[in-house]
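Structure first, commentary second.
The values are calculated or read from the model by the stated rules, or taken from the named source; none is laboratory data. All values reported here derive from a predicted model rather than from experimental measurement. Using ideal geometry, Cβ is built from the backbone for each residue, glycine included, and neighbour counts are taken over all protein chains shown.
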């Protein structure tokens, strides 16, 4: 199993973002460890967003998919979705994190509506496996 830090070091020449995170000091190995380090250093939310994108690239390239909800810890691989920036900010969740449908709705104090979701392939393509509750929210 490839470690996130090793993967970043292997790909650091591909982009400044890879290089920036690969050069972050500390004993971190996983994307989650690096995320903790970013918050400890009070780095910008934009860096958390960039790290989230890199983590997705890493998981895809190494076939190590994992989508555990930051609040309840459940494996929510079938609840991958993208909401608008406004909806995500209203949930008070860091851009790096992932929330299952139930937990984002609990944070928002309401059910997700169709207008909360971005118009991106992840939310519309039939190639992605979806839970019944995510499919119901996307159809609303």
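Details
- Matching option when the condition is closer than 27 Å to residue 115 by Cα and surrounded by 12 or more Cβ atoms within 10 Å (Cβ to Cβ), among 90, 3, 22: 90
- Any hit, the range 124-138, residues being modelled with pLDDT under 90, within 18 Å of residue 53 (Cα to Cα) and out of contact with any helix residue (DSSP H, G or I) (no Cβ under 7 Å at 6 or more places or on another chain): no
- Residues that are surrounded by fewer than 18 Cβ atoms within 10 Å (Cβ to Cβ) and over 20 Å from residue 56 (Cα atoms), drawn from the range 109-128: 109, 110, 111, 113, 114, 115
- Check on residue 69, surrounded by 13 or more Cβ atoms within 10 Å (Cβ to Cβ), in contact with a strand residue (DSSP E or B) (Cβ under 9 Å, 6 or more places away or on another chain), closer than 24 Å to residue 115 by Cβ and touching a residue at least 40 places away in the same chain (Cβ under 8 Å): no
- Hits in the range 108-121 - residues which are touching a helix residue (DSSP H, G or I) at 6+ places or on another chain (Cβ under 8 Å) and part of a helix (DSSP H, G or I): 108, 114, 116
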